[in-house]
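Take a look at the structure below.
The values are calculated or read from the model by the stated rules, or taken from the named source; none is laboratory data. Every value quoted in this text rests on a predicted model; they were computed, and no experiment measured them. Note that we place each Cβ from the backbone using ideal geometry, even for glycine, and neighbour counts take in every protein chain shown.
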Amino acid sequence: MEKKYPESKVELTPKIAKNYDKIMNVASLGLYVKFIRKAIKSMGISPDDKILDFGAGTGRNAILMNKYLSDKGEILGLEISEKMIQQFKIKTNNIPNIRVINQSIDKPLNLEEKFDKVFISFVLHGFPHSVRKDIIRSAFNALKDGGEFIILDFNEFILKNTPFYFRIPFKKIECKYAFDFVEKDWKNILHTYGFNGFEEIYFFQKYVRLLKAKKE
Ligand SMILES: C[S@@+](CC[C@H](N)C(=O)[O-])C[C@H]1O[C@@H](n2cnc3c(N)ncnc32)[C@H](O)[C@@H]1O
């Protein structure tokens, strides 16, 4: 698949997509599994929630979110990588209230239903800022009134002020789009798109944040 955004590292090659969960487990020295469980628990999912998952990945997050849902709850994953969609479908095979569709989140969505939560995990940082704005607009439009946009991603920090043992690997591994993502005031940006009532939960020495923003 050719990249639409040349500097993006969230547009994955088929090989990386196929091994994504393994790569995350190994790169985090096994810490990722515990972290993602905790992060998803912090989402505050209600049993009947309808959740839209932007850049849904392998389905690992969907399976974890589904633990908090009743039969009335639903998860709809939006993905563009065929390898991810394949894995998502295999992982969630017997679960009727979880679906995934091939849909890019950088275009208007035109979905028939409205959602209680839009979740975006380690995706938003990987786009140019103008595209992030389109994604925020789409999240807002897809939510019910009172619904929440939940962003799990890097926290805000000034990259040059971070310790070298974080800064050097971050600059080497992460895409260039992430460099300006971490230096933006996200609550302020989200506020200009109609979001309020922010809640933040931090992980990994505050380098990662779960940011909840309410459509009010
Ligand atoms: C870094 S992975 C994160 C996957 C998942 N959210 C997670 O936390 O495990 C980024 C994901 O975003 C997907 N993606 C990238 N660009 C996208 C787009 N324009 N629309 C939908 N999904 C996209 C990729 O295929 C990949 O699965």
So Ala178, is it closer than 25 Å to Ala62 by Cα, out of contact with any helix residue (DSSP H, G or I) (no Cβ under 7 Å at 6 or more places or on another chain) and modelled with pLDDT of 95 or more: no
Test: residue in segment 29-38 that is within 12 Å of the ligand (Cβ to nearest atom), crowded, with 19+ Cβ neighbours inside 10 Å, part of a helix (DSSP H, G or I) and of a type outside the set (D, E, K, R): yes
Every pair of residues 6+ apart whose Cβ atoms lie under 7 Å, when the first sits in segment 69-91 and is touching a residue at least 60 places away in the same chain (Cβ under 8 Å) while the second is surrounded by 22 or more Cβ atoms within 10 Å (Cβ to Cβ) and not in a helix (DSSP H, G or I): Ser81/Leu12; Met84/Gly57; Met84/Thr58; Gln87/Thr58; Gln87/Gly59
Residue within segment 133-148 that is within 12 Å of the ligand (Cβ to nearest atom) and either free of Cβ contacts under 8 Å to residues at least 24 places away in the same chain or among the acidic types (Asp, Glu) (or both) present: yes
Some residue of segment 17-24 being among the small types (Gly, Ala, Ser), closer than 19 Å to Val100 by Cβ and out of contact with any Leu (no Cβ under 7 Å at 6 or more places or on another chain): yes
Tally, over segment 71-92, of residues that are more than 9 Å from the ligand (Cβ to nearest atom) and either closer than 18 Å to Gly147 by Cα or at pLDDT below 95 (or both): 5
Filtered residues of segment 4-36 (kept if without any contact (Cβ under 8 Å) to a residue 12 or more places away in the chain and among the small types (Gly, Ala, Ser)): Ala27, Ser28, Gly30
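I'd like to check something: does segment 42-50 contain any residue that is in contact with a Leu (Cβ under 9 Å, 6 or more places away or on another chain), within 8 Å of the ligand (Cβ to nearest atom) and either of a type in the set (Lys, Arg) or not in a loop (DSSP other than H, G, I, E, B) (or both)?
There is no residue in segment 42-50 that is in contact with a Leu (Cβ under 9 Å, 6 or more places away or on another chain), within 8 Å of the ligand (Cβ to nearest atom) and either of a type in the set (Lys, Arg) or not in a loop (DSSP other than H, G, I, E, B) (or both).
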The listed residue being surrounded by fewer than 20 Cβ atoms within 10 Å (Cβ to Cβ) and over 29 Å from Asp180 (Cβ atoms), out of Gln86, Gln103: Gln86
Every pair of residues 6+ apart whose Cβ atoms lie under 6 Å, when the first sits in segment 120-131 and is under 13 Å from Asn155 (Cα atoms) and within 10 Å of the ligand (Cβ to nearest atom) while the second is outside any helix (DSSP H, G or I) and of a type in the set (Asp, Glu): Phe122/Asp153; Leu124/Asp153; His125/Asp153
Selection from segment 173-207 of residues that are small (Gly, Ala, Ser) and within 16 Å of the chain's Cα centre (by Cα): Ala178
